[in-house]
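Every number in this text was worked out from the coordinates using simple rules, so none of it is lab data. This is a predicted model, so every value here is computed, not measured. Ideal geometry is used to build each Cβ from the backbone, glycine not excepted, and the neighbour counts take in all protein chains shown.
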Amino acid sequence: MNDREQVQRLIARTGALYEDGHYRYSSGLHGSVYVEKDRVLANVDVASKLCYRIAKHFFAEKIQVVTGPSMGGAMMAPFVAYYLEPKAISVYAEGERDNRYFRPSVVDMIAGKRVLVVEDVLDTGGSALRVIEAVERQGGEVVGVAAIWNRGNVTFRYPLFCLVEHLTYEPGECPICKAGNLPVETPPSLH
Ligand SMILES: [Zn+2]
């Protein structure tokens, strides 16, 4: 079993992996796979194993700080920080989608440090990008970005590592739409 299959199996264990469907994501793109991210992160055993894989990928990068936007990324950051060697510290960025910032009480922990940004799901990548900008504003050095799931073909100007990636389509180019036998649905958590 390769790494991807092991990750899929881990996520499937939480009952939160839906395959062979026809979903509309918050980015507006369509795809056949849906992961109920809140149910994945609710399972701390699975969440920790997924975050271990992220830490392993960045093991040689001398990460000092792991950060992410509240909620999802902030739930992952402590696990990832814990599995790094030496252990990193974990802080989270507050604010809304288009305005992320660090509280004054933690900004000195970011200045001059090597920082990894984590996020649960990348739709447009906007939230993670705002966190990257917040790190840069505080003088931190962004080393990379990691996510459990990239469902928007998102890229950044920093190295990106995602555990799950699959094809997503513009509605006009979606092969499932074209096949015409499965109506598109918006998963309950995106309503
Ligand atoms: Zn479609």
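In order along segment 147-161, phi translates into HN-Hα couplings of 9, 6, 9, 9, 10, x, 6, 6, 9, 10, 7, 10, x, 10, 10 Hz, rounded to whole numbers, per the Karplus curve 6.51 cos²θ - 1.76 cosθ + 1.60 with θ = phi - 60° and x for Gly and Pro. Taking amide H as placed 1.01 Å from N in the peptide plane, Cys162 has its amide H under 5 Å from the amide H of Ala147, each at least 5 places away in sequence or on another chain.
Measuring nothing but how far apart in sequence close Cα pairs (under 8 Å, 6+ apart) lie, relative to its length, segment 137-191 scores a relative contact order of 25 percent. Seen from Gly126, the other residues with C-beta closer than 11 Å to its C-beta sum to a net charge of -2, counting Lys and Arg as +1 and Asp and Glu as -1. For Lys87, the lysines whose Cα falls under 27 Å of its own Cα, not counting residues fewer than eight places away in the same chain, are Lys37, Lys49, Lys56, Lys62, Lys113.
Mind checking the angle between helix 72-83 and the chain's longest principal axis? C-alpha axes, 0 to 90 degrees, to the nearest 10. Result, in degrees: 60.
Which of rounded, prolate, oblate describes segment 42-86, given a ≥ b ≥ c as roots of the alpha-carbon gyration tensor eigenvalues and a/c under 1.5 marking rounded, otherwise prolate only if a/b is larger than b/c?
It is oblate, given that a/c is not under 1.5 and a/b is not larger than b/c.
Rounded to the nearest 10 degrees, the inclination of helix 44-57 to the longest alpha-carbon principal axis of the chain is 70 degrees.
For segment 123-160 versus segment 57-78, the inter-centroid distance based on Cα atoms is 11 Å. Residues considered: Ala111, Ala128, Ala47. Largest GNM mean-square fluctuation over the chain, using C-alpha springs under 10 Å, is found at Ala111. Ranked for footprinting exposure by Cβ neighbours inside 10 Å, fewest first, Met71, Met76, Met1, Met109 give Met1, Met71, Met109, Met76. Give a quick list of chymotrypsin sites (Phe, Trp or Tyr not before Pro) in segment 149-191 that DSSP marks as loop, anything other than H, G, I, E or B, with at most 16 other Cβ atoms within 10 Å. The qualifying sites are Phe156. Which one of Ile176, Ser32, Ala88 has its Cα pushed farthest toward the positive end of the charge dipole of the chain, where Lys and Arg give +1 and Asp and Glu give -1 at the Cβ? Sorting the options by dipole projection puts first Ala88. A cysteine counts as unpartnered when no other cysteine's C-beta lies under 4.7 Å of its own; in the chain this applies to Cys51, Cys162. Computed from Cα positions, the angle between helix 126-137 and the longest principal axis of the chain comes to roughly 10 degrees.
With both bridge residues required to lie in the chain, what share of the DSSP beta bridges run antiparallel, to the nearest 5%?
Around 25 percent antiparallel, to the nearest 5.
Over all Cα atoms in the chain, the spread is summed up by Rg and Dmax: 16.8, 55 Å. Taking all Cα pairs closer than 8 Å and separated by 6 or more residues, the relative contact order of segment 3-190 comes to 23 percent.
The loop-placed trypsin sites (Lys or Arg not before Pro) in segment 147-191, going by DSSP, that have at most 14 neighbouring Cβ atoms within 10 Å of their Cβ come out as Arg157.
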